[in-house]
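**Student:** Take this structure first; my questions come after.
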Amino acid sequence: MLTRREFFRLISSGYVLLTASTTPFVGSRLVASDKSGRFRFPQGVASADPQPSSIVLWTRVEHTPNVEQTDTLLTLQVSKEENLESVVIDQAVKAPVDRDYTVRVVLGGLEPSTTYCYRFLAPDGTSSPIGRTWTSPEHDDTVPLSAAVASCQHYTHGYFSPYRRLINDDVVASEDRKVDLIIHTGDFLYEMDFVDITDLNRNKVSLSNPDGSQRTVMPFPDGEKKPNGWTIACSLNDFRHLYKKYISDPDLMEARRLYPFVYVWDDHELLNDYWQSHLGSKVYQNRKVDANQAWFEFMPCALNSAWKGPVGKNHAKDFVHPGPLVDEQEPMFDDDYLNLEPNNQKAINSISIYRSLKWGKLVDLFAIDGRSYRGDRGVPKEILSVGVVPYPTDPLDPAFVETMNAGRTANNGNPPEKVVYEGKEVDNVRKDAPVGSLLGRKQKDWLKRSLEESSATWKTVINNTPFMRFGFDVSFKKGGTTGGIFWSDSWDGYPIERREMMKFIRDHGIPNVVSLTGDRHAHYAAYIYDDYDGDNPVSVIPEFACASISAPCRILSQNTVTRNNPDLADLVVGDGEALGYPNKMSPTLNAWQIYGALSARAAAKGDLVEAEKQKRTDINPHILYADNDAYGFLIAHYGTERLEVEFVSTQEPVQKYGDDGPSQIRKVVYSVDSWGSGEAPTLKFKKLEGEEPLLGIRKPA
Ligand SMILES: [Fe+2]
C-alpha cells in the first residue's frame, strides 16, 4: 500500500519510468490490455467529487461489433496499491446501452485522505487504463488544499496540452503543493467548430490527429446548420459525439485519469449564451434535456449522493429524462424571471448540479449553476447588433445595462418606454420584465445560507462566469464613459444581483469568501466590490479567473468583435513586431483594462514610454492582473492563514508538444491572507516568473 507521498516519490524518482510495463502510471496509461479486440475504453477513466468516504468513478466501454446493442457488464476493481495486486473492491457494474455505455459508480465505504487505484475489466478481461484518485479529508481535519482551475477548451482551436504542463509540473512539485482537485468551471466543450480562427501570429489554425487527419468535431451525427455557415450540436447523439471527441484528447484523458475533478457547466455545453432553456426569444427545451443527459453521462459528479452542505440541504439531483417535451414558445415568468411554463420547468429540472463540497475544516466549495435558472442576459438579443457574435460593437454605458437588468423596476418602477442603444432610440423591450437574476431565487437562497452557515476557514464559490466588473475606457469619445460594458452575458449583465450578493456577504460579516472562475479566456486577479457604481465602493471578496485551456485567448476572441471598429481595434490587439513581442499580435487589451485607452493605444504602436505616460489610475481599480493572450490554468493553494494563487501561462496550444507538454511562458502569483469578519481582503503580488505580461500587472502609481 502506498501513501500519496510515496506514490509521487516513485513517479518523480524515475522508478516508474524504468518499470513502465508493470506500473500503471506511465507507458500503459492510455493503452489498455486488449484480450480479444472486441472491447475498448476509448475515453479512459475518470473520478470526481471526492468525499471522505466516497468518490465517483467513471468509464465508457465500446464493444465491437455490438449488433445486439445490449448492456455490457464490467468488473470494477479498486485497490490501495498501484499494481492492483490486492483489491478492496471487486464488483460488477453495468454499462447501459441507454447511457451510451458510460458507467458512473458512486463508490462508498472508503477511508478518508486515501489514494485509490481502479480499473474496469470488460467481459473478456480487457482492462481499462488504471486510474488514480483519492478521498477528501475527514470533515474535522485541517489539511491544505491545492485546487487547479481550468476552463474553456476548444477541440479544433487547440490541443488540450496545458493539462500536460499541469501534470508534469505536479510530478516535481513539493508534497504540500501537489494538486488535489481539478475544478472545471465550464465550457468543457463547444457546441460548434470555430472557423477561420488564427493563432497569435495570424496563421490559420489547423490541427491534426496522430494519423494526420484533421482534428475536427465534424461531421455531427445530426447537426444544425446556422445561417453563418457554422454547424452546431442539436441532439443527444451530437452532444455524446462531442464528449467522445473531446475526451479522446490524450492530455485531457490523462488529467481525468490522474486527478479527481469537480465540474460545473457554462453555456457551451449546450448553446452560446443560453439561459434556462432559451436563447433570446427562441426555446430549446428538448435540446436542453439532451445536453443535460450527455453531461450527466460523461461528466462524473456526485449529485444525489452529494454532501448536504452547511445548511443540511442538497438540491443536486441525478439526471432523469422527463420524456418528450414541446418546445413551448409562450413563457410565464415569475418575479425572479423564472419561466414557469411546464416544458421549460421539466427541461431545466431534468438534473440539478449545484452542490457543496468540503475539504476538511479548511475549505467549503460551492459549485453553482449559472445557466439553468438565470433570466435573459443583461442586454437583450433583440437590441444587440447581431453579427457573427451577438455582442455590442461598442462598450455600453453601465446605466443602460442597469436599466435593462432592472426591467419593470427601473427608475423606481417607472421604466422608460425608449432607450438609446448605439446612438439609436429603440423600444425598451424590458419595460415589463422582472429583474434579471443570474442564480435564480432557490439557488441564491441556498448559496447565501450556505455561505453564512459555513464554518470552514475558506468559502469558495465555483463560478461559471466572473463576478468582476470589466469596464472599458471610451472616455476619448464624446460623452464616453471610463467603464463601458461589453460582456452582459456574465455578472456584468446582472449588476443588481451582484450587489445583492456582495452586500449580503459584507453585511453578514462573512470573511474569506473567494470566487474561482474562468470563462473569459484570460487570467485575472481582482476584487469584487459591493457596488461598482457606488460613491465609495468597498472590496468584499477576491476573485481569480483562469485563462482557457485551448479556446481562443481573449484578444483573439475580442478581435473578432472589434477588428473592424477603427476606434477600438488597436485597444485590443497591437503590433507585436513593433514591440519586439514574441507574437505578431500583442495584447494591448491588458493596458485598456488596467490603465485606460490612451495607454493601450500607445502600446499598440510600440511606444511604451508614451504608454507609461498615459496611464490612468481610475480604470478598473479592482483589477490587479489582466493577461489577455494567456492560455493555461491556475492553482489555488489554501492554507490556514493564506490563500496563494499561481496563474500559469503556457505556450499557445496550437503545436504538438508531446509528453513534455507546452513550456511555461510565465507564472504570476498573488496571495491573500485570511481576513476577519468586517474586514476587507488585501491581494498581494508575490512573484513573476518568465516574461511580464504587456502592461498587465498593475503597478502602484
Ligand atoms: Fe469559453
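The values are calculated or read from the model by the stated rules, or taken from the named source; none is laboratory data. Please read these numbers as outputs of a predicted model, since none were measured by experiment. Cβ: placed from backbone, ideal geometry, glycine included. Neighbour counts: every protein chain shown.
**Student:** Search the range 508-526 for residues that are farther than 11 Å from Cys546 by Cβ and hydrophobic (A, V, I, L, M, F, W, C) and pair each with any residue that is assigned to a strand (DSSP E or B) and within 14 Å of the ligand (Cβ to nearest atom) when their beta-carbon atoms are under 9 Å apart and the residues are at least 6 apart or on different chains.
**Tutor:** That search, which allows pairs on different chains as well, returns Ala526/Ala545.
**Student:** Restricted to the range 482-493, and to residues that are aromatic (Phe, Trp, Tyr) and part of a loop (DSSP other than H, G, I, E, B), which residue is farthest from the ligand (Cβ to nearest atom)?
**Tutor:** Only one residue tops the list, namely Phe486.
**Student:** Applying the selection to the range 494-546, what residues are hydroxyl-bearing (Ser, Thr, Tyr) and away from the ligand (no atom under 16 Å from the Cβ)? It would help to see each step written out before you state the result.
**Tutor:** Going through the range 494-546, the residues hydroxyl-bearing (Ser, Thr, Tyr) turn out to be 494, 515, 517, 524, 527, 529, 532, 539.
Tyr494, Ser515, Tyr527, Tyr529, Tyr532, Ser539 - these are the residues of the range 494-546 that are hydroxyl-bearing (Ser, Thr, Tyr) and away from the ligand (no atom under 16 Å from the Cβ).
**Student:** Looking at Ala600 and the list (1) within 20 Å of Gly484 (Cα to Cα); (2) of a type in the set (A, V, I, L, M); (3) part of a loop (DSSP other than H, G, I, E, B), which single condition is not satisfied?
**Tutor:** Failed condition: (3).
**Student:** Related question: Starting from the range 185-214, keep only residues that are at positive phi, then list their pairs with residues that are more than 16 Å from the ligand (Cβ to nearest atom) whose Cβ atoms are within a distance under 7 Å, requiring at least 6 positions of separation or different chains.
**Tutor:** Pairs found: Arg202/Lys584; Arg202/Met585.
**Student:** Run down Ser161, Ser174, Ser113 and say which single residue is free of Cβ contacts under 8 Å to residues at least 24 places away in the same chain and away from the ligand (no atom under 16 Å from the Cβ).
**Tutor:** On inspection, the qualifying residue turns out to be Ser174.
**Student:** I would also like to ask the following. Within the range 378-472, which strands (runs of 3 or more DSSP E) (wholly inside it) include 2 or more residues that are free of Cβ contacts under 8 Å to residues at least 12 places away in the same chain, of a type in the set (Asp, Glu) and under 30 Å from Ala150 (Cα atoms)? Steps first, please.
**Tutor:** Details: elements: 418-421, 424-427, 458-462.
The strands (runs of 3 or more DSSP E) meeting that bar number zero.
**Student:** So which of Arg119, Arg215 is more than 16 Å from the ligand (Cβ to nearest atom), within 25 Å of the chain's Cα centre (by Cα) and of a type outside the set (Gly, Ala, Ser)?
**Tutor:** Testing whether each residue is more than 16 Å from the ligand (Cβ to nearest atom), within 25 Å of the chain's Cα centre (by Cα) and of a type outside the set (Gly, Ala, Ser) leaves just Arg215.
**Student:** Being surrounded by fewer than 19 Cβ atoms within 10 Å (Cβ to Cβ), β-branched (Val, Ile, Thr), under 25 Å from the mean Cα position of the chain (by Cα) and modelled with pLDDT of 95 or more narrows it down to one residue among Val363, Val320; which is it?
**Tutor:** Val320
**Student:** Out of (1) assigned to a strand (DSSP E or B); (2) within 16 Å of the ligand (Cβ to nearest atom); (3) among the polar types (S, T, N, Q), what's the single condition that is false for Gln153?
**Tutor:** (1)
**Student:** Also: Can you name every residue in the range 179-196 that is part of a loop (DSSP other than H, G, I, E, B), away from the ligand (no atom under 13 Å from the Cβ) and not acidic (Asp, Glu)?
**Tutor:** Within the range 179-196, Val179, Val195 qualify.
**Student:** With Arg498, Arg554 as the choices, which residue is within 29 Å of Thr403 (Cβ to Cβ) and surrounded by fewer than 24 Cβ atoms within 10 Å (Cβ to Cβ)?
**Tutor:** On the way: Arg554 fails: surrounded by fewer than 24 Cβ atoms within 10 Å (Cβ to Cβ).
It is Arg498.
**Student:** Here are some conditions: (1) at pLDDT 95 or above; (2) in contact with a Gly (Cβ under 9 Å, 6 or more places away or on another chain). Pro392 meets all but one. Which one does it not meet?
**Tutor:** (1)
**Student:** Mind listing just one residue for me: the one in the range 547-567 that is under 12 Å from Ala630 (Cβ atoms) and part of a helix (DSSP H, G or I) and, of those, nearest to the ligand (Cβ to nearest atom)?
**Tutor:** Here the answer is Arg554.
**Student:** Could you check, for the range 238-261, whether at least one of its residues is crowded, with 19+ Cβ neighbours inside 10 Å, in contact with a strand residue (DSSP E or B) (Cβ under 7 Å, 6 or more places away or on another chain) and within 24 Å of Asp489 (Cα to Cα)?
**Tutor:** no
**Student:** Looking at the range 327-354 only, could you name the residues that are surrounded by 18 or more Cβ atoms within 10 Å (Cβ to Cβ) and in contact with an Asp or Glu (Cβ under 8 Å, 6 or more places away or on another chain)?
**Tutor:** Across the range 327-354, the qualifying residues are Tyr337, Glu341, Asn343, Asn344, Ile351, Ser352, Ile353, Tyr354.
**Student:** Given the condition in contact with a His (Cβ under 9 Å, 6 or more places away or on another chain) and of a type in the set (Ser, Thr, Tyr), answer yes or no: does some residue in the range 638-645 qualify?
**Tutor:** No, that holds for no residue.
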